[in-house]
2 protein chains.
Amino acid sequence: MSLLDHVFWSSGISREALATGASVSKSRANAAVAGLLEQGVLEATGEQVSTGGRRAETLRLSRSIGVLLGVAMGATGLEVGVLAPGLELLAHHSEPADVRDGPALVLSRVRTLMRELLKQCGAKARDVIGIGIGVPGPVDFGSGQLVNPPLMPEWNAYSIRDDLRSEYSAPVFVDNDVNVMALGELWRMQRGLQNFLVIKVGTGIGCGIVCHGQVYRGATGSAGDVGHICVDPAGPRCHCGNLGCVETMAAGPAIARAATEAAQAGQSVLLAQMLRERGVLKLNDVAQASRAGDVAANAIVQRSGALIGQMLASVVNFYNPSHVFIGGSFQRIGPLFLAAVRQSIYQRSLALSTRHIEIQYTPLGERAGLIGAGVLAMQESLELREGMR
Amino acid sequence: MSLLDHVFWSSGISREALATGASVSKSRANAAVAGLLEQGVLEATGEQVSTGGRRAETLRLSRSIGVLLGVAMGATGLEVGVLAPGLELLAHHSEPADVRDGPALVLSRVRTLMRELLKQCGAKARDVIGIGIGVPGPVDFGSGQLVNPPLMPEWNAYSIRDDLRSEYSAPVFVDNDVNVMALGELWRMQRGLQNFLVIKVGTGIGCGIVCHGQVYRGATGSAGDVGHICVDPAGPRCHCGNLGCVETMAAGPAIARAATEAAQAGQSVLLAQMLRERGVLKLNDVAQASRAGDVAANAIVQRSGALIGQMLASVVNFYNPSHVFIGGSFQRIGPLFLAAVRQSIYQRSLALSTRHIEIQYTPLGERAGLIGAGVLAMQESLELREGMR
């Protein structure tokens, strides 16, 4: 890793810690830092708590080098943000969106939002140093293209890069949405955890894998495609063609369908009322009813958590991660869903795998996708810069 | 990696390739090689096919530095070997053994075999430069101790290192048996594959994971414990306490039990005859009957392959490996078992994960454990040497 990588991944570091981390002599680090400060790539801010008598400054990537654009695309929602090189969110916007509308329509909206948000920050297209995009499907990371995405078939082999090239000269990096979330969590913890998983549960179910401190994408870029792991060989048929996939039995649409059936069968006054008022029930309605203590909603949430936990038990037995972070819109349901997932994992996994495992919602919360997209943009831009030197 | 690591992992390399691989200048590599040749650590053998007019030698670790001891311990068998630093097998012996006899008895036999095999090679205890041991249970790699091994409870926290220290001053490295097999395959391919799995199927079922070119052991050393992944929530109870674990339904004892039942129920003349002659049926008998075309034995083998393939489909969806290598005593069954595993994986896994996946028996075959133990001994000894410099 270069000195700049170390500064970026530490989110604020002293000269001394930088020299140690990068395994170079203090004098060599000082000389390099002086150059980078003069070029305006680094800035020295505030004072770190000093361990000796001398004043210790914190080095950061300078805001003057430009801004990052991050995009977190979900199956049913879109989030765009402008971030500083140190990943402070300068402006952002989220709205419902349907990826099945196809790349032309969705990316046109993305470009409009990018322009508006940059304007809000007083920045221009030429100030953008990198663009990171998370998409809800398998990505060939080298080309940045989606490969047979089940939720968004129109995007197959579409070049998001070319689409954005007309407005931005900055490099564009595309990855699977939950890989991007995993990268965000890795950055938040300054690589303090080496082997963990991030599960995104929303319209679909995906998993980001961190192995030996790096995001693991698999032999052909589809690692973490856990939504089609079978949890019931006699279960309903999934859109992938198989029976009993966890996604088709436990993700957003399954929960909404079960809630609609419960409302129509007279099992819940609250859900029936919501269905009358809104015409259709969505995940957010079930989450709201569950948090209000509705018995039918709670049963639906617990069944979903148990099935997802059953899938995760297999994954935990195989991978033995230190942490499983659960993100995506299911976070909104709250503690009940998490408790059901935990119970199911502990019940099925071997004692050794689960003895020290932590299962919790993603600490970055609903911002995990956007922060992760910013990390992707900055990390890959630094690597590109390093490669060109 | 040091120069010696490069030589070891290449199993024969030119000076030029060594300089390139280790990212040092040719003059620096030449000077270091000259020193190592003089010390007798390296030897220059034969001639490589030269790309230019000059003679190109192949550098190898010198046989004069000593020998390695490798031990591959299975639940029901034991294999000990003496290997040259370049991993040529100089002498080896395998015999049935029951790990449940406990560490005192089993390791006493291991020490006897080590002495006899060293003698066969004209080597002494002080010539041993490293000892590698694969054991059929979860290992804390740092301490080299087994942690709650389900198949060999008497070994929990027993120090195999201390046991061997009375006879050998060489360092002792212990790892899970299938991690050791994975390390062996990684070495055989000179790290040419970065992300693959080795599945060992015998008395139990375990998985070795290679991630980013390194063996991945998990957060607490139990990664790859796939034997207790559930393949049938309504299946029989496993010794681990859960229902429908793939190990309890498809591994060696399950196959032997099913064959005994088939023989007793008059479903197979051949199996009934084997049972009469031998008193009990074992995996090898079922393998032999299956290869002879016995219909009942084939049905048992296919059912086992289908269940193991069902478990592997989940693992492949999650991990997206380039290759799955199947090792252990089930290799002896031959093509029918492999075909059943493949069919089951292809049927359940997503197109993207399985598009380029290769599923085959381990190329190192029944020697995978012993070669892997040699790789473990040499790799870790080199690392130890590097750390002490």
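Does B:Val226 satisfy the criteria of being more than 7 Å from chain A (Cβ to nearest Cβ), crowded, with 21+ Cβ neighbours inside 10 Å and not small (Gly, Ala, Ser)?
On the way: more than 7 Å from chain A (Cβ to nearest Cβ): no; crowded, with 21+ Cβ neighbours inside 10 Å: yes; not small (Gly, Ala, Ser): yes.
No.
Count, please, the residues in region A:229-241 that happen to be assigned to a loop (DSSP other than H, G, I, E, B) and either polar (S, T, N, Q) or facing chain B (nearest Cβ under 7 Å) (or both). Steps first, please.
Taking region A:229-241 first, the residues assigned to a loop (DSSP other than H, G, I, E, B) are A:229, A:231-236, A:238-241.
When the remaining residues are screened for being either polar (S, T, N, Q) or facing chain B (nearest Cβ under 7 Å) (or both), the result is A:229, A:240.
Residues that pass the stated criteria total 2.
Quick check on region A:15-31. Is at least one of its residues in a helix (DSSP H, G or I), more than 29 Å from A:Leu193 (Cα to Cα), among the aliphatic types (A, V, I, L, M) and not assigned by TED's automatic domain parsing to the domain that holds A:Val139? Taking every residue of region A:15-31 in turn, at least one turns out to be in a helix (DSSP H, G or I), more than 29 Å from A:Leu193 (Cα to Cα), among the aliphatic types (A, V, I, L, M) and not assigned by TED's automatic domain parsing to the domain that holds A:Val139. Consider region B:254-273 and keep the residues that are of a type outside the set (Gly, Ala, Ser) and crowded, with 24+ Cβ neighbours inside 10 Å. The one that is farthest from A:Gln347 (Cα to Cα) is B:Leu271.
For every residue, the table says whether it meets (1) assigned by TED's automatic domain parsing to the domain that holds A:Val341; (2) modelled with pLDDT of 95 or more; (3) out of contact with any Lys or Arg (no Cβ under 7 Å at 6 or more places or on another chain); (4) within 24 Å of A:Ala182 (Cβ to Cβ).
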{"position": "A:Thr203", "(1), (2), (3), (4)": "yes, no, yes, yes"}
{"position": "A:Gly208", "(1), (2), (3), (4)": "yes, yes, yes, yes"}
{"position": "A:Ala219", "(1), (2), (3), (4)": "yes, no, yes, yes"}
{"position": "A:Ala223", "(1), (2), (3), (4)": "yes, no, no, yes"}
{"position": "A:His228", "(1), (2), (3), (4)": "yes, no, yes, yes"}
{"position": "A:Leu243", "(1), (2), (3), (4)": "yes, no, no, no"}
{"position": "A:Leu270", "(1), (2), (3), (4)": "yes, yes, yes, no"}
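Using the structure shown, decide if A:Ala306 is within 14 Å of chain B (Cβ to nearest Cβ), crowded, with 21+ Cβ neighbours inside 10 Å and assigned to a helix (DSSP H, G or I). Before the answer, list the steps.
Values: within 14 Å of chain B (Cβ to nearest Cβ): yes; crowded, with 21+ Cβ neighbours inside 10 Å: no; assigned to a helix (DSSP H, G or I): yes.
In short, no.
Only one entry of B:Gly213, B:Gly208 meets the criterion of being under 30 Å from B:Asp127 (Cβ atoms) and within 14 Å of chain A (Cβ to nearest Cβ), and that entry is B:Gly208.
Does at least one position in region B:152-162 carry a residue that is of a type in the set (D, E, K, R) and crowded, with 21+ Cβ neighbours inside 10 Å?
First pass over region B:152-162, keeping only residues of a type in the set (D, E, K, R): B:154, B:161-162.
Restricting the remaining residues to those that are crowded, with 21+ Cβ neighbours inside 10 Å gives none.
Checked region B:152-162: no residue is of a type in the set (D, E, K, R) and crowded, with 21+ Cβ neighbours inside 10 Å.
Scanning region A:195-205 for residues that are more than 7 Å from every other protein chain (Cβ to nearest Cβ), in a loop (DSSP other than H, G, I, E, B) and touching a Ser or Thr at 6+ places or on another chain (Cβ under 8 Å) yields A:Gly202, A:Thr203.
Restricting attention to region A:163-173, the residues being acidic (Asp, Glu) and either within 23 Å of the chain's Cα centre (by Cα) or not assigned by TED's automatic domain parsing to the domain that holds A:Pro138 (or both) number 1.
Can you pull out every residue in region B:311-346 that is facing another protein chain (nearest Cβ under 7 Å) and assigned to a helix (DSSP H, G or I)?
We begin by selecting, within region B:311-346, every residue facing another protein chain (nearest Cβ under 7 Å); these are B:314-315, B:317-322.
Of everything in region B:311-346, those that are facing another protein chain (nearest Cβ under 7 Å) and assigned to a helix (DSSP H, G or I) turn out to be B:Ser314, B:Val315, B:Asn317, B:Phe318, B:Tyr319.
When you scan region A:347-365, how many residues do you find that are part of a helix (DSSP H, G or I) and either at pLDDT 90 or above or among the basic types (Lys, Arg) (or both)?
First, pick out the residues of region A:347-365 that are part of a helix (DSSP H, G or I): A:347-348, A:351-354, A:365.
Checking the rest, the ones that are also either at pLDDT 90 or above or among the basic types (Lys, Arg) (or both) come to A:348, A:365.
Qualifying residue count for the region: 2.
Residues that are assigned to a loop (DSSP other than H, G, I, E, B) and closer than 14 Å to A:Tyr319 by Cβ within region A:213-224 comprise A:Gly218, A:Ala223, A:Gly224, listed in sequence order.
Is it the case that A:Ala251 is out of contact with any Asp or Glu (no Cβ under 9 Å at 6 or more places or on another chain), away from chain B (no Cβ under 11 Å), buried (at least 23 other Cβ atoms within 10 Å of the Cβ) and modelled with pLDDT of 95 or more? Quick ask: steps written out before the conclusion?
Details: out of contact with any Asp or Glu (no Cβ under 9 Å at 6 or more places or on another chain): yes; away from chain B (no Cβ under 11 Å): yes; buried (at least 23 other Cβ atoms within 10 Å of the Cβ): yes; modelled with pLDDT of 95 or more: yes.
So A:Ala251 passes the test.
Within region A:174-194, one or more residues are within 11 Å of chain B (Cβ to nearest Cβ) and either at pLDDT 95 or above or surrounded by fewer than 24 Cβ atoms within 10 Å (Cβ to Cβ) (or both).
Of the listed requirements (1) in contact (Cβ under 8 Å) with a residue 12 or more places away in the chain; (2) closer than 14 Å to A:Ala287 by Cβ; (3) surrounded by fewer than 23 Cβ atoms within 10 Å (Cβ to Cβ), A:Arg342 misses just one: (2). Against the conditions (1) within 15 Å of A:Asn298 (Cα to Cα); (2) part of a helix (DSSP H, G or I); (3) not aromatic (Phe, Trp, Tyr), A:Glu247 satisfies every one except (1). Any residue that is in a strand (DSSP E or B) and either more than 23 Å from the chain's Cα centre (by Cα) or within 14 Å of chain A (Cβ to nearest Cβ) (or both) - is there at least one of those in region B:269-291? No: region B:269-291 contains no residue that is in a strand (DSSP E or B) and either more than 23 Å from the chain's Cα centre (by Cα) or within 14 Å of chain A (Cβ to nearest Cβ) (or both). A count restricted to region A:210-219 and to residues that are in contact (Cβ under 8 Å) with a residue 24 or more places away in the chain and farther than 18 Å from A:Pro321 by Cβ stands at 0. Restricting attention to region B:9-20, and to residues there that are modelled with pLDDT of 85 or more and of a type outside the set (Ser, Thr, Tyr), which single residue is nearest to B:Leu382 (Cα to Cα)? For region B:9-20, the residue satisfying everything is B:Trp9.
Just to be sure before I move on: is B:Gln310 in contact with a Gly (Cβ under 8 Å, 6 or more places away or on another chain), at negative phi and touching a residue at least 24 places away in the same chain (Cβ under 8 Å) in the structure I sent?
Here the answer is no, as B:Gln310 does not meet what is asked.
Of a type outside the set (S, T, N, Q), in contact with a His (Cβ under 8 Å, 6 or more places away or on another chain) and modelled with pLDDT of 95 or more - does that describe any residue in region A:370-389?
Within region A:370-389, the subset of a type outside the set (S, T, N, Q) is A:370-378, A:380, A:382-389.
When the remaining residues are screened for being in contact with a His (Cβ under 8 Å, 6 or more places away or on another chain), the result is A:370.
Okay, now just the ones that are also modelled with pLDDT of 95 or more, so A:370.
The answer is yes, given that some residue of region A:370-389 is of a type outside the set (S, T, N, Q), in contact with a His (Cβ under 8 Å, 6 or more places away or on another chain) and modelled with pLDDT of 95 or more.
The values are calculated or read from the model by the stated rules, or taken from the named source; none is laboratory data. Source: prediction; values computed, not measured. Note that we place each Cβ from the backbone using ideal geometry, even for glycine, and neighbour counts take in every protein chain shown.
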